[in-house]
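Colleague: Sending over a structure as structure tokens; questions will come in a sec.
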Amino acid sequence: MDWQMLSASASNWLFLIFIGGIPLIGFLRKVNVFESFVIGAKEGFEIVVRIIPYLVGIVVGVGMFRAAGGFDLIAHWLSPVFHALGFPPELLPFALVRPFSGTAAKGILAEIAHTYGGHSFLAHAAATMMGSTETTFYVIAVYFGAASIRKTRYAIGAGLLADLVGVIMAVVVTHWFYSP
Amino acid sequence: MLNIIWLGLVLGSIIIGAINGTIPAVVNAVTDSAASAVVLALGLIGIMALWLGLMRIAEDAGLIRGLSKLISPVLRFLFPQIPRDHPVFGAMTLNISANVLGLANAATPFGLKAMEELSKLNKTPGTASDSMCMFVAINTGSVQLIPATAIAILASAGDPSPTSIIIPVLIATACATTTGILSAKWFSKMPFFKIKPEHQVRETK
């Protein structure tokens with residue numbers, strides 16, 4: 001059995017332990033499990049409804065900018081700067097899109113892996129970036145939507161700084177560990 | 001911040017679209033994106049209802065309170081404003097553990113539940129509290145033991161050893177998350193980000 005199957009079956013069991021274990025413990029502690037479930041589930045529904053306006057705003061803004069070619073343009077402008085700094089410019093489109101759209105980032109990673117080969121330095125660096133950063137704007141929209149927050153103060157700054165360090169460290173660490 | 005970025009995205013795409021000749025694509029993107037945002041939200045409803053239902057059972061069984069008691073000494077230094085043993089620590093712990101284990105489906109519901117609890121503690125409705133910013137910063141750091149998506153993409157491109165990125169990802173993600181936490185702590189002390197009193201008056205009215 002390879003690791004992928006192993007990890008998939010491990011997370012399946014973890015999932016089932018949650019799904020089965022929580023109601024069982026609740027029942028043993030004399031909770032009306034189904035009633036409690038329904039009350040909580042209703043709350044889940046209400047949170048999603050509260051998020052929708054935030055999600056529409058962010059997804060439309062990012063979708064428009066992507067369709068216009070904005071990310072490619074910025075990558076094009078920045079690439080000499082990053083090249084001078086020793087950051088592979090081929091990875092720039094990925095690093096720029098990553099905080100805005102997880103799906104788009106996945107697409108670019110797949111493209112890099114297919115163009116340069118799955119075992120290339122660039123593919124490994126991009127994959128490491130994928131794992132060490134997050135779709136910051138999606139998280140911001142959804143999380144602050146759930147709390148009905150309009151003024152996010154420094155949350156975006158902290159999130160983007162974390163992404164920036166993740167991106168830089170991905171290249172640095174890949175340099176340390178990668179062997180062709 | 002979000003105001004400026006959002007305005008920049010919208011106006012920027014119109015200007016760039018006009019220069020690049022991609023206006024038709026931009027126009028299509030508006031309606032397509034609006035529709036896909038709702039599809040995204042609809043997809044969330046089922047999984048949110050399921051996990052928050054389970055979480056409610058765990059709450060009523062006293063499990064969340066127990067977990068909060070257990071974990072609050074650890075998380076307290078990150079969230080000094082939250083009262084001791086508050087149940088929000090339970091939701092946060094579940095969110096962080098689900099993230100670490102790569103259970104993205106469960107992480108979001110727990111995270112949103114935690115944000116809702118934090119908003120009950122927030123004295124300035126509409127404006128993010130320090131605890132909220134810290135919690136979001138931790139979430140954007142994305143600590144993950146096994147970066148399953150990235151590994152799958154490498155494997156599908158013919159990489160014989162895609163799992164060799166696990167250790168590099170752990171190191172990079174630890175640096176990113178530490179940066180998120182430290183910068184949130186640091187920003188929270190900057191006068192520029194102090195919540196101004198007029199916010200409080202206007203928002204709570």
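Colleague: Before we move on, is B:Phe192 hydrophobic (A, V, I, L, M, F, W, C), outside any loop (DSSP other than H, G, I, E, B) and farther than 23 Å from A:Val139 by Cα?
Modeller: Yes: the conditions hold for B:Phe192.
Colleague: Scan region B:106-135 for residues that are facing chain A (nearest Cβ under 8 Å), without any contact (Cβ under 8 Å) to a residue 40 or more places away in the chain and outside any loop (DSSP other than H, G, I, E, B) and jot them down.
Modeller: B:Gly111, B:Met115, B:Glu116, B:Leu118, B:Ser119, B:Met132
Colleague: OK, next. Quick one: how many residues across region A:82-114 are within 9 Å of another protein chain (Cβ to nearest Cβ) and either surrounded by fewer than 21 Cβ atoms within 10 Å (Cβ to Cβ) or touching a Phe, Trp or Tyr at 6+ places or on another chain (Cβ under 9 Å) (or both)?
Modeller: Looking only at that region, the number is 8.
Colleague: I'd like the full set of residues that are within 17 Å of B:Ala49 (Cβ to Cβ) and more than 7 Å from chain B (Cβ to nearest Cβ), limited to region A:39-73.
Modeller: Correct list: A:Lys42, A:Glu46, A:Val49, A:Arg50.
Colleague: A further question follows. Go through (1) modelled with pLDDT under 90; (2) surrounded by 20 or more Cβ atoms within 10 Å (Cβ to Cβ) for B:Leu112 and report which single condition fails.
Modeller: Evaluating B:Leu112 over (1) modelled with pLDDT under 90; (2) surrounded by 20 or more Cβ atoms within 10 Å (Cβ to Cβ) leaves (1) as the failure.
Colleague: Could you tell me which of the residues A:Ser132, A:Ser79 is at the interface with chain B (Cβ under 7 Å from one of its Cβ atoms) and under 24 Å from A:Trp176 (Cα atoms)?
Modeller: A:Ser132
Colleague: Can you tell me how many residues within region A:149-171 are β-branched (Val, Ile, Thr) and within 13 Å of B:Asp130 (Cβ to Cβ)?
Modeller: So the count comes out to 2.
Colleague: Continuing with the same structure: Can you name every residue in region B:175-187 that is crowded, with 16+ Cβ neighbours inside 10 Å and either more than 7 Å from chain A (Cβ to nearest Cβ) or touching a strand residue (DSSP E or B) at 6+ places or on another chain (Cβ under 7 Å) (or both)?
Modeller: Within region B:175-187, B:Ile181, B:Lys185 meet the criteria.
Colleague: What is the residue count in region A:143-162 for residues that are in a helix (DSSP H, G or I) and either at the interface with chain B (Cβ under 7 Å from one of its Cβ atoms) or at pLDDT below 90 (or both)?
Modeller: Result for region A:143-162: 10.
The values are calculated or read from the model by the stated rules, or taken from the named source; none is laboratory data. On a predicted model such as this, the values are computed, not experimentally measured, just so you know. No Cβ is skipped: glycine too gets one built from the backbone with ideal geometry, and neighbour counts run over all protein chains shown.
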